[in-house]
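Q: Here it is: the structure, laid out below.
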Amino acid sequence: MAPVPINFDRVRKAFGSYLALDDVSLAVSAGEFLTLLGPSGSGKTTLLMALAGFVRPDAGRIRLGETDITRLAPDKRDIGIVFQNYALFPHMTVRGNVEYPLRLRKRPADEIRRRAEAALDRVQLLDLADRDIAALSGGQRQRVALARAIVYEPRVMLMDEPLSALDKNLREAMQYEIRRLHDDLGITTIYVTHDQREALTMSDRIAVMDGGGIRQVDTPQAIYHHPATRFVAEFMGEANILPAAALLGPAAVGSVMVRSESFHLAADGLPADAVSVEGRLKAKAFRSENWLLTLVLPSGESVALSIPATRAAGCAEIAPGALVTAHATATSVHPLGAA
Amino acid sequence: MTPALDADPALARDAAHERRFFLSLSLPALAVVGLAAILPILWILRQSFMNLGGEVTLANWTKILNSSLTWSSLQTTFVLSGLTLVICIALGTPLALALASTTQRRANLLLIFLLLPLWTSILVRTYGWLVLLRREGLVNAALQNIGLTAEPLPLVYNTTGVVIGMVHYMLPLYVLPVYAAMRDIDGNVLRAAASMGASLGQAIRTVILPLAQGGILSGSIIVFVYTLGFFITPAVLGGGKVNPIAIRIERTIGGFQDWGGASVLGVPLLVVVALIGAAVLGLRRVAGPRHA
Amino acid sequence: MLEPWSDNRVARVLLWSIAGLVFLFLMAPTLIVVPLSFSASDLLEFPPREWSLRWYEAFFGSATWMAALCVSLMLGVLTALIAVPAALCACIAMNRLGGRPATVIYGSLLVPSVTPGILLAIGLFFVLAKLGLIGTLPGVLAGHAMLAIPVAMLVLYPAINRFDWAQVQAARSLGAGWARAVTGILLPQLRFSLLTAGLMAFLTSLDEAVISIFIASGEMSTLPKLMFLSLRDQIDPTIAAISTLWTVLVAAIVVVQALRKSKNAS
């Protein structure tokens, strides 16, 4: 089945006086893997649930391909969803869960069996097909939820923080598996998470949400290195937001953002247009793969430096209160918008 | 920037439709309770202002309020409820504490002995007490055998008998919320009290009972409200000599066919129950849903 | 929870002595009737000097008692069949609506539990007399169903609120209509609560006496009503036989439920 695009057109939803979705517009291309990223309460799950049909917008339109689905019942939308805590049916076996959507569609028995087994095989759970849900580990449940969501070849796939219940190692392995599954099936996918690393790793594009609106939509690299706003800059990783004058000379106006790992302690090997700041060391911490230093500038601002272990020679010896100069290439200094 | 769209009327209609659907799901239950409980209660209020010919009158009220039987039965009602409440608190609180102090597994087994009487017919239980408490009954025989009394004590067909029956009925209903509240107490709080030097008695007085007060309060309200309207127990174990409001109501109907008068007698019960209900709701709003 | 004071022997002994005496008090009236029901004498002597089954014969041989038993059993089953679905639908409505509507529905359905039975009985008498339903099956059934609805609601509402409603959403997203999702996903997982609610509704009806005394006359006389009338007149040992049968029934239900609960807990 050919992948379809998704269009949100000024979707609004208020819960009482709380505006959960503030006229959100977003276009997701056919076959794209798009992540909705934001803190809790930013509206990302509400937007997903509006697409799934479990939240009824107050205004706006949602289209799947050419079809307006805004008022369509959830069971008529043909959307596959992996829920946050999987929402597996505990009174059915693994196979029962995966066959359920096919049985609803009244497919012939042999087809149901064949397709359910194919889906289970795809997530490497075929040998556990007749287990009870209660007997599965968290990672296995996650796979059942995936198999159940893809088995009927829905037009679109939605995932609501699917990995949040898993431990770190399993989470990273599953990130690649989900992405691979997406690439195999070519299905348009919207993925919700509050974990920016997960979003950066998995997505074609990321839509950063805050306060019921989308603040920036772009590729992971662009979002990380060229955040549009201070909020996006800080949410995506350790960001130093400084007055432009502190780095670029007294003539510069506005704010700039420098990632803490963009700083170097020595200017050797940096291009000639590198800039620098000088401040006194306030605190330092060793974090296995890097050193984290905090400088206080004469103007009072703090600057966080993350120095990789490979070029951290001498870090251990710097005493608090010592004067430290931090260098950064001009390309790693990003002017920020007004917001 | 384009101006925000107005709320979509079609979407608002869908939302209202869904809401009506869920409201309609509650209709069968509301219809049964409305027709068979709420309407009848309102009817009692109405009937208390009606004479036999269906005219509006205050005659029922003046007649009933001027009868000394009314006042003595009101007094009996509150004395019975009060005594029952005091005894339930005195017996039920230690029992709840004992249950809460043992393992969940043992407590669940012991709870059977609480639930068994709770689900045994009130008539079966009343009958059992009648047999036990009679002049020639087992209790009197035992008391005489061990030499506590020479003569059989009058244990039934009087206030004693009625209170015993009422305590027996209400005790499980008192213990269950108190036990639940005590179960919820964090064991570390008690370990902390002990580490600071609290004796068991001090811990019970200053930690356990204050933390369980929500359960004790709701148990007490249940006991008081339920016993106000008790009918079977005083009718059988009171032997015609103990006459709370519920018995008075039945006599007024059975003996005099005076439905208007019986309705008047029911009104104070309704008022007390409604007041306590309102107080509980108010309390819950202030204190949050903490066993209140 | 009292482990920090486990060396306080006196307090433990005192606490469990009180508990033991209270349990004895609670069980005494139900236990005493069992031996009496097998007594050959009609004097209610204890312990009985001779044993017999004559009171069971008196019960099962009496057309009046048997008719009342049939009426009570039928009413119990019908009450459960009405109260449980009605309460279930109301609980789903409350869960989905939330807020003020849920509070209003909950409060209204609780009215029969907090109103003294005698008031419900005379009020219902007025209403049923107006409708000409005194002593009829619909009349008595309305009274029992009204009492059993809050009982069933108090069992089902916490269970429905505990239920993971994302499962219903999952079923909807997979293509199930609302009714299909509720019957296929919610109800099977609620089956133990539904069973408990049904049993409690049944027992509520079986045990109900006050309303029956006022409105269940003639052919609709229930077992508790006959027992009440018989107790008021004289202490008939037939009641001991009925009580024993009743206790066995209730004990079986309570014990099975308790065992199931402790099995689920472990």
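Q: Other chains' Cβ within 10 Å of B:38-46 residues: what's the mean? Present the calculation step by step, with values, prior to reporting the outcome.
A: Values: counts 7, 4, 15, 9, 3, 7, 7, 1, 2.
Other-chain Cβ atoms within 10 Å of each residue's Cβ, averaged: 6.
Q: Follow-up. Of the listed peptides A:118-124, B:14-20, C:64-70, what is their order by residue-averaged count of other C-beta atoms within 10 Å, with the highest listed first?
A: Details: A:118-124: 18.0, B:14-20: 12.3, C:64-70: 15.9.
Ranking the peptides A:118-124, B:14-20, C:64-70 by packing returns A:118-124, C:64-70, B:14-20.
Q: For region A:106-210, restrict the atom set to alpha-carbon positions and state the Rg and Dmax in Å.
A: 14.6, 47
Q: If you don't mind, there's one more thing I want to ask. log₁₀ I(q)/I(0) of region A:31-75 at q = 0.20 Å⁻¹, via Debye over equal Cα point scatterers, no solvent, to two decimals?
A: -0.73
Q: Through the Karplus equation 6.51 cos²θ - 1.76 cosθ + 1.60, θ set to phi - 60°, convert the phi angles of region B:9-23 into ³J(HN,Hα) values in whole Hz; use x for Gly and Pro.
A: Here the 3J(HN,Hα) series is x, 5, 5, 5, 5, 4, 5, 5, 4, 4, 4, 4, 4, 5, 4 Hz.
Q: Does region C:1-143 come out rounded, prolate or oblate, given a ≥ b ≥ c as the square roots of the eigenvalues of its C-alpha gyration tensor, rounded meaning a/c under 1.5 and, failing that, prolate meaning a/b above b/c?
A: Values: a/c = 2.83, a/b = 1.13, b/c = 2.50.
The shape class here is oblate.
Q: Right, another one. State the Cα centre-to-centre distance between region A:111-129 and region A:157-179 in whole Å.
A: 20 Å
Q: Find which of A:LEU170, A:VAL256, A:LEU185 sits farthest along the positive direction of the dipole of region A:145-262, computed with +1 on the beta-carbon of Lys and Arg, -1 on that of Asp and Glu, about the Cα centre.
A: Checking the options against the dipole of region A:145-262, the answer is A:VAL256.
Q: Next up: Using all C-alpha to C-alpha distances in region C:159-266, build P(r) with 5 Å bins and read off the rounded percent in each one.
A: 2, 10, 13, 14, 13, 11, 10, 10, 8, 6, 3, 2, 1, 0
Q: Near the amide H of A:LEU36, under 5 Å away, which other amide H atoms are found, from residues 5 or more places off or on another chain, if H is placed in the peptide plane?
A: Result for A:LEU36 returns A:TYR191, A:VAL192, A:THR193, A:ALA207.
Q: Based on the alpha carbon coordinates of region A:9-161, what radius of gyration and maximum Cα-Cα distance (Dmax) apply, in Å?
A: 16.9, 52
Q: Still on this structure: Positive end of the charge dipole of region B:152-284 (Lys, Arg +1 and Asp, Glu -1 on Cβ, about the Cα centre): tell me which of B:PRO244, B:ALA212, B:PHE230 has its Cα farthest that way.
A: Value: B:ALA212.
Q: Mind checking which lysines have their C-alpha under 24 Å from B:LYS63, skipping anything on the same chain fewer than 8 residues away?
A: Cross-link targets: B:LYS241.
Q: Quick one: angle between helix A:94-104 and the longest Cα principal axis of chain A, in degrees between 0 and 90, rounded to 10, please.
A: Tilt of helix A:94-104: around 60 degrees.
Q: Over chain A, what per residue volume does the convex hull of the Cα atoms give, in whole Å³? Please report the intermediate quantities before stating the final value.
A: Numbers: hull volume 58.9 nm³, N = 339.
Here the figure is 174 Å³ per residue.
Q: Restricting things to alpha carbons, tell me how big region B:6-66 is in terms of Rg and Dmax, in Å.
A: 21.5, 66
Q: Based on the alpha-carbon gyration tensor of chain B and its eigenvalue square roots a ≥ b ≥ c, which shape applies: rounded if a/c is under 1.5, prolate if not and a/b is larger than b/c, or oblate? List each step's numbers first, then the result.
A: Numbers: a/c = 2.32, a/b = 1.10, b/c = 2.10.
Oblate is the answer for chain B, as a/c is 1.5 or above yet b/c matches or exceeds a/b.
Q: Further question on the same structure: What span do the alpha-carbon atoms of region B:66-184 cover on each of the three principal axes, reported in whole Å from largest to smallest?
A: 48, 47, 26
Q: Follow-up. No solvent, one uniform scatterer per C-alpha: report log10 I(q)/I(0) for chain C via the Debye equation at q = 0.14, 0.15, 0.17 1/Å, two decimals.
A: After summing over all Cα pairs, the log10 values are -1.11, -1.18, -1.29.
Q: Quick one, can you get me the convex hull of the C-alpha atoms of the protein assembly as shown expressed as volume per residue in Å³? The partial results should precede the final answer.
A: On the way: hull volume 227.3 nm³, N = 897.
Considering the Cα atoms of the protein assembly as shown, their hull volume per residue is 253 Å³.
Q: In the structure shown, do any of A:LYS13/A:LYS106; A:LYS44/A:LYS76; A:LYS13/A:LYS76; A:LYS76/A:LYS106 have a Cα-Cα gap over 24 Å, and if so which?
A: Among A:LYS13/A:LYS106; A:LYS44/A:LYS76; A:LYS13/A:LYS76; A:LYS76/A:LYS106, the Cα-Cα distance tops 24 Å for A:LYS13/A:LYS106.
Q: If you don't mind, there's one more thing I want to ask. For B:101-109, what's the mean count of beta carbons from other chains sitting within 10 Å of each residue's beta carbon?
A: Values: counts 9, 4, 0, 3, 3, 0, 0, 5, 4.
Whole-number average of other-chain Cβ neighbours for B:101-109 is 3.
Q: With +1 assigned to the C-beta of every Lys and Arg and -1 to the C-beta of every Asp and Glu, and no other charges, what is the dipole magnitude of the protein assembly as shown about the Cα centre in debye, to the nearest 20?
A: On the way: 73 positive and 62 negative charges, 236 e Å.
For the protein assembly as shown, the charge dipole is close to 1140 debye.
Q: Right, next: Of C:GLY198, C:ALA166, C:MET74, whose Cα points farthest to the positive end of the dipole of region C:73-216 (charges on the beta-carbon: +1 Lys, Arg; -1 Asp, Glu; origin at the Cα centre)?
A: Result: C:ALA166.
Q: Next up: Enter the Cα centre distance for the pair region C:148-212 and region B:176-227, rounded to the nearest angstrom.
A: Result: 32 Å between the Cα centres.
Q: For region A:57-106, what does the convex hull of the Cα positions come to per residue, in cubic angstrom?
A: Taking the convex hull of the Cα positions in region A:57-106, it is 122 Å³ per residue.
Q: What is the distance in Å between the Cα centroid of region B:38-84 and that of region A:280-322?
A: Each part's Cα centre sits 85 Å from the other's.
Q: Averaged across the residues of B:17-28, what count of C-beta atoms belonging to other chains lies within 10 Å of each residue's C-beta?
A: Across the residues of B:17-28, the mean count of other-chain Cβ atoms within 10 Å is 6.
Q: Could I ask something else about it? Could you state the orientation-averaged shadow area of the convex hull built on the Cα atoms of region B:126-229, in nm² to one decimal?
A: Details: hull surface 37.1 nm².
Result: 9.3 nm².
Q: Which number comes out as Rg/Rh for region A:275-330 once both Rg and the Kirkwood Rh are worked out on C-alpha atoms?
A: Numbers: Rg = 10.8 Å, Rh = 11.4 Å.
Checking Rg against Rh, the ratio lands at 0.94.
Q: In which sequence would A:THR35, B:THR206, A:THR46, B:THR159 go, from the one with the fewest C-beta neighbours within 10 Å to the one with the most? Provide the component values of the computation, followed by the final result.
A: Numbers: A:THR35 27, B:THR206 12, A:THR46 22, B:THR159 16.
If I rank by nearby Cβ atoms, fewest first, I get B:THR206, B:THR159, A:THR46, A:THR35.
Each reported figure results from applying straightforward, stated rules to the coordinates on display, with no laboratory input. Because the structure is predicted, anything quoted here is derived from the model rather than measured. Note: ideal-geometry Cβ built from the backbone for every residue, glycine included; neighbour counts use all protein chains shown.
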